[in-house]
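To start, the structure itself, in structure tokens.
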């Protein structure tokens with residue numbers, strides 16, 4: 001992360017040599033995430049005897065995955081981390097070991113061990129060595145994720161090592177051939193939506209997602225991203241609506257995972273990570289963002305069987321300047337505005353081909369309120385016919401709370417006495433709709 005990072009590791013010779021030997025013969029199936037990767041930066045920094053209890057707290061907040069690197073750095077402690085993750089039905093991606101330890105870990109066959117963190121925020125100059133190291137990991141541990149996190153689009157070209165951000169991501173994908181794309185972007189919410197001189201904005205966040213989405217689709221791989229959930233530097237402490245805005249925008253663009261920055265307080269002066277210290281003591285407790293994360297993750301997991309392995313087919317930002325026009329093909333909505341907003345609202349639409357999922361549906365649509373500071377009452381008109389057939393749509397909504405969470409049910413009007421279909425979306429919230437009709 002540009003905000004705080006552990007010391008980068010060098011390239012162990014054993015990795016490079018093994019990678020070069022396997023370069024011509026290595027083949028493997030395309031890696032796919034087994035869960036939506038709901039995780040974070042800075043895992044609990046506690047005595048290993050506390051891992052099981054702390055990881056139970058992580059699981060209770062509806063996270064699915066632990067990114068290691070802070071609380072487990074040696075072979076023996078990483079083994080305890082893997083065991084504690086498995087005991088809590090969590091996946092883990094450890095960090096902090098050399099080449100010989102990948103296969104030497106006594107529980108390296110654990111189903112909780114998803115893969116290995118390799119590098120954070122590489123520059124283009126790192127890509128060739130990363131390719132060799134990545135091949136070595138794939139040879140030693142086939143089927144395990146090789147996790148590399150990229151710089152954001154507000155990093156300077158001198159740091160990227162390329163003229164543009166698109167060039168940086170393209171060069172990484174072509175050279176390293178990763179299992180997964182990941183980046184970290186922390187938008188500012190107390191500045192205008194867009195700034196032609198800065199990508200550290202909400203527009204910059206969406207633009208960054210768009211670059212990863214395009215690269216992931218072209219390479220037939222998934223992508224995930226880090227987002228902000230604590231105050232640091234010139235970032236204020238985000239509200240629930242601002243955290244939700246980042247998560248559902250990522251999902252609308254097709255992200256297969258949302259990674260919180262940070263879970264365990266990293267020692268920043270402003271504090272207030274998801275887990276924060278109690279005064280000046282060494283004890284930690286859940287801060288307000290723990291409940292925020294638990295609620296948001298629960299909402300996201302209700303959509304997991306629909307979004308996991310779904311293919312993003314279209315994304316559209318829709319605001320007041322667009323409302324006089326029909327929503328363009330191929331979206332399942334043909335008219336959209338906000339009836340309770342003088343500016344008529346701002347929305348993000350993400351549409352998905354669901355045929356590769358286990359949902360039993362063909363097409364899905366995520367509708368997000370792009371206002372992070374106000375509820376939107378969206379006025380919606382569905383497209384009467386599908387794009388590929390003349391059958392009428394039968395739109396259902398996936399419930400995200402209560403005992404029926406995860407079920408597709410009839411869409412309920414949130415303002416039944418008003419003409420048309422009205423749907424209420426909390427600040428930054430997304431709601432997901434499905435149909436058996438092809439997109």
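Structure summary
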| read-out | value |
| --- | --- |
| Strands (runs of 3 or more DSSP E) lying entirely in the range 249-362 (those with 2 or more residues that are under 30 Å from residue 51 (Cα atoms)) | 257-261, 275-277, 284-286 |
| Set 105, 145, 113: member being touching a helix residue (DSSP H, G or I) at 6+ places or on another chain (Cβ under 6 Å), closer than 29 Å to residue 63 by Cα and buried (at least 22 other Cβ atoms within 10 Å of the Cβ) | 113 |
| Residue under evaluation residue 215, criteria (1) part of a loop (DSSP other than H, G, I, E, B); (2) in contact with a helix residue (DSSP H, G or I) (Cβ under 8 Å, 6 or more places away or on another chain); (3) within 21 Å of residue 120 (Cβ to Cβ), criterion not met | (1) |
| Qualifying residue in the range 188-208 (condition: touching a helix residue (DSSP H, G or I) at 6+ places or on another chain (Cβ under 9 Å) and under 20 Å from residue 134 (Cβ atoms)) | no |
| Residue in the range 220-233 that is assigned to a helix (DSSP H, G or I), farther than 24 Å from residue 295 by Cβ and in contact with a strand residue (DSSP E or B) (Cβ under 9 Å, 6 or more places away or on another chain) present | no |
| Which listed residue, of 345, 271, 279, 254, is at positive phi, free of Cβ contacts under 8 Å to residues at least 60 places away in the same chain and buried (at least 17 other Cβ atoms within 10 Å of the Cβ) | 345 |
| Residue in the range 287-295 that is buried (at least 22 other Cβ atoms within 10 Å of the Cβ), under 15 Å from the mean Cα position of the chain (by Cα) and closer than 22 Å to residue 59 by Cα present | yes |
| Condition check for residue 142: in the same structural domain as residue 262 (by TED's automatic domain parsing), over 25 Å from residue 267 (Cα atoms) and touching a residue at least 60 places away in the same chain (Cβ under 8 Å) | yes |
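The values are calculated or read from the model by the stated rules, or taken from the named source; none is laboratory data. Predicted, not measured: the structure shown is a model, and the values here were computed from it. Because the Cβ atoms are built from the backbone with ideal geometry, glycine has one as well, and the counts that use them run over all protein chains shown.
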